[in-house]
Each structure stands twice: as C-alpha cells, then as structure tokens.
Amino acid sequence: MQDSYREIFLSESQEYLKNISNCLVKLESKPGDLNSLNEIFRCTHTLKGMSATMGFEKITQLSHLMEDLLDELRSQKRAVTSNIIDSLLSSTDILEQLIQDVRLKQDSNIDISLSLQGLKKFLSEEAIPPEEKITLSDIDSIRLNEAEQNRFKQAKEKGLNVFKLKLLIAEDCLMKEARAFLVLTHLKKIGELIQSVPAMEDLKKERRLEQPSISAIFSTKENQGTVLQVILNIPEIEEVSLTAAEMPPLEAQAKTQLQEPSAYIKKIQSMRIPVQRLDRIMNLMGELTIAKIQLVQMVESLKLASLDEISTTLDRLTSALQDEIMQTRLLPASYILDSFNRVVRDLSKKKNKEVDLEIIGSEIELDRIVLDEIGDPMVHLLRNAIDHGIETPEERIAKGKSPRGKISITVSRQKGQIYIEVADDGKGIDLNSVRRIALERGLLTELEAANLDEKKILELITLPGFSTAKEVSDVSGRGVGLDVVKIRVESLGGRLDFETKPQAGTRFLLTLPLTLAIIKAMLVKVQQETLAIPLMSIRETIKLRPDEIKRVQNFEVVKVRNEVIPILRMDRALGIAANAPLQSHKPEGSGLASDSQSHKPEGSGLASDSQSQTNKLIPLVIIEYEAKSLGLVVSKIIGEQDIVVKPLPSFVKKTKGIAGATILGNGRVALILDIMSLR
Amino acid sequence: MAKVMIVDDALFMRKMLSDILKKDGFEICAEAENGKDAVDKYQQLKPDVVTMDIVMPKINDIDGIGAVKEIIKNDPGAKIIMVSAMGQHSLVVEAIQAGAKDFITKPFQPSRVLEAINRILK
C-alpha cells in the first residue's frame with residue numbers, strides 16, 4: 001500500500017483512538033451518554049474500515065469485535081458496566097500499540113487474543129452458520145395463503161403482470177441480508193410484492209438468511225425485460241430466474257432520467273502539512289525578517305527616498321506574513337488535555353480515590369512544541385494531585401468535603417503568554433512535614449529551617465531529591481519530582497508557581513510563552529560576542545561600580561537591596577575572554593563562576609571594549625531560575641529584541657551555556673544563553 | 001464523464017474512493033465530510049452519483065442517513081450509494097428505505113466500487 005495512505009491512516013487513526021478513549025471515560029461516568037457512545041462507535045467503525053482496507057488484520061479484527069460490543073451497548077441489548085469499559089479501554093491500548101507498529105513499519109508480534117477473549121465474554125453468543133453452496137433449483141417455491149391468493153387474482157384482473165422470481169445472491173457478498181432487502185425494495189418500486197421469502201419485515205429485523213436466496217411473487221405493470229433489467233442492475237447477484245406466472249407481458253415503456261448538467265466548483269478547505277515543512281517555513285521566515293531589517297536599515301541610512309515606500313510596504317507585509325505563519329504552528333490545548341481524562345481516571349482508580357477532572361479553555365491554542373513538551377510535566381502534576389493532594393473518599397467525608405475530589409485545569413492566554421492552572425481541592429501541602437523532610441534530606445540546615453518564611457519553605461518541594469510521599473509509589477515518586485516539572489517548564493522559557501492552602505488544596509500555575517520560535521530576548525555584549533538572554537528569565541538589569549563586587553569565600557557576590565546575589569562573569573563562563581586584551585589577570589581556566597578564585601574584585605578583565613574603563617560602571621543582568629538569582633556580568637547591554645530561535649546543529653548541541661542561535665538584523669550570529677545550564 | 005460526490009468523515013476513505021474513481025475516469029466534483037456538508041454540496045453541484053458513508057458524526061442533526069433523506073427530498077432521482085462496513089445491516093436497511101439505490105461494503109474491491117457506480121448510472 002502506498003505510503004501516502006499510510007500517512008493518512010496513521011494520523012487519522014491516532015485521532016480516532018484519542019476520541020475513543022476520551023469518550024469511553026466520559027461514558028463510564030455517565031453510562032447513558034448516547035452522544036459519547038455514538039462517537040466511540042463511529043470512531044471504532046471508521047478505524048475498522050480503514051484498517052481492513054489497508055490490510056491490517058489484527059487492528060481490523062480487534063476493532064470489529066469492539067464495534068460489535070459497542071453496537072450491543074448502543075441498541076441497549078447490554079448495559080454499560082465498568083468491566084465493559086475496562087475491556088474496551090484495554091483493547092484501545094492494544095490498538096494503539098498495533099498502530100505504533102504500523103508507524104514503525106514493523107511486523108507486529110502483539111498478541112490480541114486476550115483482548116479478543118475479553119471482549120467476546122460480553123458478547124452474546126451468536127454462531128454464524130456455515131453456508132453451503134446452493135443453486136436456483138434448491139430454492140423452494142412459495143405457497144400463497146388465502147389473502148395472498150386474492151391479491152394475485154386482483155392483480156391479474158387489473159391486467160398486471162405477475163412474475164415468479166428466484167434469485168441467488170453472490171457468495172462473496174458481505175451483507176447478504178441487506179442485499180436481499182435492496183432487491184425487494186427495488187421490486188416494490190415497480191410493482192407490488194405479493195409474497196417473498198425472506199419477508200421484508202424479517203430482513204429489517206436483521207434475521208439471518210437461511211439461504212442466500214430470494215424467492216418472490218410480485219405483480220407489476222412493467223414487462224419481463226424491464227423487470228429483469230432492474231434486477232440485473234443490482235450488483236452482487238449471481239443468478240436470476242424470472243418467469244411469468246401467467247398472461248403475456250404487456251407493453252411498457254422504460255424510463256430513463258437525465259441529470260441536469262450544472263456548473264461545479266471544487267474547493268479544498270483544508271490540507272495536511274508535515275510539521276517539518278512548517279518548521280522550515282518558519283525558519284525561512286526568520287531569515288526573511290532579517291533580510292528585511294537589513295534592507296530597511298539600508299534604505300534609511302542611504303536616504304533612498306525612492307525606495308522608502310516599498311521598504312515600508314515590505315516591512316508591513318513581512319510582519320503580517322510572520323503572524324500568519326505563527327498561527328499555523330498553533331494547536332488547541334485539547335490536543336493534550338483531552339487525554340488527561342483517561343489519566344485521571346486510571347490514576348484515581350488505582351489509588352481508590354474518586355476524582356472529577358474539569359478542563360476549561362481547552363480551545364486555546366499553543367505552539368505545537370510547547371504542547372509536546374508540557375504533556376509529561378502536566379501528567380506529573382495530576383499524579384501529584386491524586387497521590388498527595390486528594391484524600392480518600394472516607395477522609396474527605398470525615399472532613400466534611402464531598403467524597404469526590406476535583407481537579408481543574410484552566411488554560412488562559414494573556415499578552416503573549418499562556419497560563420495553565422492545575423488546581424485540586426485536596427489536603428494541601430503540609431508545611432511542617434516539608435520542613436521536616438527537607439531537614440532529613442539535608443536540603444537545609446536547622447537555622448535555615450527556623451528562619452525561612454513559608455514561601456521559601458514551600459519552594460523546597462521543587463528541589464531535586466525532595467518527595468513528601470512516605471514511600472515511593474508506582475504512580476508518582478520514583479525519582480521524578482516537581483523539580484523535573486519545574487526544569488521542564490523553565491527550559492521552555494516558562495515559570496512554575498504554586499500556592500497551597502491547608503485542607504483546601506493546591507494550585508500550580510504554569511506560565512508559558514505562546515511560541516518558542518520567536519522569543520523576546522535581551523541582547524548583551526560579552527567582549528566582542530553578542531549574546532541573547534531570554535527576557536522571561538531576567539529579573540532586572542543594574543549597573544555596578546567595580547568595588548561593589550565583594551567576595552564571600554570563593555565566590556563573587558553583589559548586594560542588591562539587601563539581597564546577596566552571586567555573580568558570574570560571562571566572558572570567562574563562556575570562555576570568550578581569550579581574545580580580549582586581558583591585563584591584570586593571572587592565567588585562569590575558563591570554567592564557571594566557582595573557579596574565579598584569583599580574581600580581583602576591581603579587575604579590569606571584565607571590561608570589554610577598551611582598557612580605560614576600570615572605573616566605569618559594570619552592567620549586570622540579574623536572572624532568576626529555580627527561585628535563585630544570579631548576576632551575569634556582561635560588557636554592554638544592547639537592548640530588547642524579538643529573536644527567531646534557530647536550533648543548533650547536533651555537533652554543537654551539547655555546548656554548555658548555549659541554547660541556540662539567532663541571526664541579528666545586521667546579519668551577525670548571536671548565541672542564545674541557556675540559563676538552565678548555568679547552575 | 002459522470003460527476004461523483006464522495007461523502008465520508010475519514011479523509012482516508014475519501015482519498016481511497018477518489019483514487020479508485022479517478023483512475024476510471026470519473027470526475028470527483030466534491031468531497032464532503034459530513035451529512036450537512038453533503039446536503040449543501042449536492043444542492044449546489046448536482047452530482048450524478050453520491051457515495052455516502054453510513055456512519056458519520058451528526059452535524060445539525062444530520063448524519064449519513066439523514067443526509068440521504070434530505071437529498072432525496074430535494075431530488076427524488078438522486079443516486080446515492082451507501083458505503084458501509086460489515087455488520088451495519090440495520091443502518092443499510094434504513095438507508096435503502098430512505099432512498100439509497102445501492103450499497104458497497106468496506107473493505108471494498110475497486111472493481112466492486114466501479115461496478116456499483118456504473119450500474120447505478122445505467
């Protein structure tokens with residue numbers, strides 16, 4: 001099968017699976033929810049059709065059985081039970097694995113027999129009788145009852161033709177009952193059915209055909225040829241015999257209907273574009289923007305009045321184009337949020353807790369990459385809420401709360417930032433136990449423990465190695481803690497904040513950039529190099545006198561409004577001091593701040609452009625990460641700018657301190673500082 | 001050549017059908033992904049034949065069968081072929097009663113699809 005089909009199959013089946021498991025969860029909480037049931041049915045049905053067409057047998061088999069079961073639920077032959085939902089959900093998981101194998105183009109060795117058995121358990125027994133090959137002569141003739149005989153006579157009195165029909169349906173016809181129904185329906189259109197085996201009423205009820213045949217007596221004003229033509233025009237019919245019961249055929253005219261030709265318009269409303277192509281477009285857009293800036297600047301500086309207008313137009317158009325392209329990268333948050341229903345259901349079941357999940361704002365659009373990245377951290381927050389936040393129903397009742405806990409996820413968008421709030425109504429974070437555990441784990445000293453305010457104590461839970469769970473549970477815990485969530489969010493240029501109220505619950509707030517492709521950054525100079533620092537992580541910029549830099553043990557620090565902030569000299573941290581004129585410096589490694597042992601506080605090595613600025617003010621960019629502040633000594637602060645982030649090629653990807661690069665308006669490359677690796 | 005409108009909520013199926021039909025010289029004058037869409041496009045484009053997926057989401061209370069009813073109401077001569085997977089007997093019966101002229105069963109053979117369309121056009 002062609003790859004293009006495979007692509008569509010993969011992307012569509014993924015959506016169907018997501019829908020199925022979502023709706024299953026909804027259905028479980030509201031067993032009468034016919035909309036969800038219908039949606040599950042539709043998706044399963046389509047998936048089955050697609051996979052059958054592609055020849056994916058296991059997927060077809062499993063989805064077919066699921067569909068059978070769903071059909072029974074739909075026709076209310078069977079009630080929706082938690083067991084059935086479980087079985088359907090686990091089958092959906094297997095389907096997902098099978099589709100994954102299709103994606104990897106590998107032969108699947110996944111065993112579906114257990115899932116099939118699981119589903120079959122619920123299905124009513126209905127053996128399919130083997131069909132024997134029969135011929136026209138095997139078809140029994142019809143006997144008419146009195147009423148039918150009367151109708152026969154009346155028809156003849158009216159001068160109609162009365163025919164006896166025997167018909168065999170093709171053996172390979174997949175829905176013989178429906179085929180039989182179609183034949184009879186067509187006959188009824190041209191005449192009156194006096195009697196038929198099987199009867200139409202039976203076919204409507206889906207009674208299985210004993211033989212793949214029809215035998216009928218019917219009256220019509222059409223002649224034999226016309227009737228035969230009507231029948232033979234129906235596909236999947238193997239053999240027909242049509243004999244007049246009596247009387248010579250009357251003349252009749254065949255009718256043909258002509259369709260009116262009319263104008264047509266063909267419109268494609270939407271199309272699929274591979275993500276890589278969008279990325280390339282975005283990248284090219286970035287470069288176009290840069291070329292535009294150069295051009296505009298040149299037109300301005302050369303005072304080329306004749307080019308003024310066109311350059312302004314170009315400026316406006318590229319901005320508009322950039323906005324449009326940005327839009328194509330956005331996807332609604334529901335892409336990840338929808339699957340959380342399942343996550344919450346499974347986790348709370350495992351923990352014997354009852355939890356409702358409320359999702360608000362899932363229609364808000366986020367950058368695709370941001371969406372990709374926040375999935376795991378969000379799942380972790382949900383786990384935390386269910387594991388540590390929400391109490392068991394008994395505890396909740398004892399506290400006078402409703403037995404069902406509630407987690408709400410609220411997405412909102414303000415000023416180019418996305419806010420995602422994950423709040424639970426559980427027991428909140430116990431400050432005393434946080435303090436105790438932090439002491440036990442050596443994360444803070446007795447003195448610190450006594451002096452830290454509540455907010456600082458609370459922040460301890462985001463430190464690596466902190467976990468308030470008494471034992472490692474198989475759900476949360478296991479080394480992955482809030483620290484990882486925080487790091488992940490911050491590596492996206494976002495922030496993680498939270499607050500907690502004892503017995504009322506905990507609220508986490510993720511602040512995320514709308515997009516990762518273009519960020520606001522502060523451009524600074526470190527020696528001759530231009531460096532971009534993501535604005536989101538900058539707390540403030542100040543200027544220092546060289547003598548304001550003090551030494552504490554081996555570290556250089558500054559005091560800013562009573563806060564002692566360690567500083568890092570960027571030239572040495574990044575090893576770009578080498579080609580600058582260093583004077584009063586002893587040779588020294590180009591490592592991070594901790595090795596700046598031999599540095600004199602008033603040293604001139606940090607000055608960039610000339611040797612004569614020993615007493616000039618030193619620009620300091622104070623960044624904030626993991627609730628700590630760090631001052632970066634730079635040579636010069638250039639200013640704020642939107643920059644297009646370009647990922648670094650893999651051979652320099654691991655360079656410490658650098659997250660990526662961007663091309664500036666003057667065509668020069670600037671490196672983007674990776675705050676996270678400056679720890 | 002006859003104009004065909006393909007109605008299916010799955011892009012996959014639409015592409016499959018359209019490839020089969022185009023290869024045989026049919027013109028795909030429209031594709032619709034739900035019943036409502038199909039009814040509107042039928043009125044506008046008057047295709048010679050419609051292939052209609054039987055199980056589709058309800059839009060404005062119109063699903064596959066609803067669309068058949070609506071199209072037949074507007075044009076009693078409309079030639080609609082239902083596309084159904086196995087096991088959809090009652091839906092197919094309902095569609096036939098609503099006026100569908102034929103049905104094809106998924107997974108389909110290209111020859112079977114073409115046969116159905118060619119016969120209905122006779």
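What the table below lists for this structure:
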| item | result |
| --- | --- |
| Listing of helices (runs of 4 or more DSSP H) fully contained in segment A:158-247 that carry 2 or more residues being open to solvent by less than 20 Å² (accessible area, probe 1.4 Å), β-branched (V, I, T) and touching a residue at least 40 places away in the same chain (Cβ under 8 Å) | A:224-232 |
| Filter result for A:E391 (modelled with pLDDT of 85 or more and in contact with a strand residue (DSSP E or B) (Cβ under 6 Å, 6 or more places away or on another chain)) | no |
| Tally, over segment A:407-441, of residues that are open to solvent by 60 Å² or more (accessible area, probe 1.4 Å) and farther than 21 Å from A:I374 by Cα | 7 |
| Check on A:E7, within 14 Å of another protein chain (Cβ to nearest Cβ) and open to solvent by 50 Å² or more (accessible area, probe 1.4 Å) | yes |
| Count of segment A:79-111 residues which are open to solvent by 10 Å² or more (accessible area, probe 1.4 Å) and more than 20 Å from A:S36 (Cα to Cα) | 14 |
| Pair list, Cβ < 6 Å and 6+ apart or interchain, from segment B:1-15 residues that are within 8 Å of chain A (Cβ to nearest Cβ) and in contact (Cβ under 8 Å) with a residue 40 or more places away in the chain to residues that are surrounded by fewer than 19 Cβ atoms within 10 Å (Cβ to Cβ) and assigned to a helix (DSSP H, G or I) | none |
| Test set (1) of a type outside the set (G, A, S); (2) within 12 Å of the chain's Cα centre (by Cα); (3) open to solvent by 10 Å² or more (accessible area, probe 1.4 Å) - B:I80 fails condition number | (3) |
| Subset of segment B:61-90 (residues that are of a type in the set (S, T, Y) and touching a residue at least 24 places away in the same chain (Cβ under 8 Å)) | B:S84 |
| All positions within segment B:52-62 that are closer than 21 Å to A:M50 by Cβ and either open to solvent by less than 20 Å² (accessible area, probe 1.4 Å) or more than 9 Å from chain A (Cβ to nearest Cβ) (or both) | B:M52, B:D53, B:I54, B:V55, B:M56, B:I59 |
| Residue tally, condition part of a helix (DSSP H, G or I) and either at the interface with chain A (Cβ under 9 Å from one of its Cβ atoms) or not hydroxyl-bearing (S, T, Y) (or both), over segment B:99-122 | 11 |
| Residue match in segment A:349-360 (condition: closer than 30 Å to A:M282 by Cβ, polar (S, T, N, Q) and in contact (Cβ under 8 Å) with a residue 12 or more places away in the chain) | no |
| Search result, residues across segment B:79-91 that are over 12 Å from B:V7 (Cβ atoms) and modelled with pLDDT of 90 or more | B:K79 |
| Some residue of segment A:157-170 being within 14 Å of chain B (Cβ to nearest Cβ), of a type in the set (D, E, K, R) and touching a Ser or Thr at 6+ places or on another chain (Cβ under 7 Å) | no |
| Matching option when the condition is closer than 19 Å to A:L496 by Cα and part of a helix (DSSP H, G or I), among A:V434, A:V422 | A:V434 |
| Members of segment A:486-541 found to be outside any strand (DSSP E or B) and more than 18 Å from A:T662 (Cβ to Cβ), listed by number | A:K486, A:I487, A:R488, A:V489, A:E490, A:G494, A:P502, A:Q503, A:A504, A:Q527 |
| Test: residue in segment B:38-51 that is more than 9 Å from every other protein chain (Cβ to nearest Cβ) and among the aromatic types (F, W, Y) | yes |
| Total residues in segment A:54-84, condition farther than 17 Å from A:L123 by Cα and in contact (Cβ under 8 Å) with a residue 40 or more places away in the chain | 5 |
| Index of the failed condition, B:V68 passing every other in (1) open to solvent by less than 10 Å² (accessible area, probe 1.4 Å); (2) under 14 Å from the mean Cα position of the chain (by Cα); (3) at the interface with chain A (Cβ under 10 Å from one of its Cβ atoms) | (3) |
| Output for segment A:330-361, where each listed residue is farther than 18 Å from A:V275 by Cα, more than 11 Å from the chain's Cα centre (by Cα) and not in a helix (DSSP H, G or I) | A:K351, A:N352, A:K353, A:E354, A:V355, A:D356, A:L357, A:E358, A:I359, A:I360, A:G361 |
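This table checks each residue for (1) away from chain B (no Cβ under 11 Å); (2) not polar (S, T, N, Q).
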residue: A:N22; (1), (2): yes, no
residue: A:S29; (1), (2): yes, no
residue: A:I59; (1), (2): yes, yes
residue: A:L62; (1), (2): yes, yes
residue: A:R74; (1), (2): no, yes
residue: A:V80; (1), (2): yes, yes
residue: A:L88; (1), (2): yes, yes
residue: A:S91; (1), (2): yes, no
residue: A:E96; (1), (2): yes, yes
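The values are calculated or read from the model by the stated rules, or taken from the named source; none is laboratory data. Not measured: the values here are computed from a predicted model. Here Cβ is always computed from backbone atoms with ideal geometry, including for glycine, and neighbour counts include all displayed protein chains. Heavy atoms of the whole protein, side chains included, go into the accessibility calculation; ligands, DNA and RNA do not. Shrake-Rupley method; radii C 1.70, N 1.55, O 1.52, S 1.80 Å.
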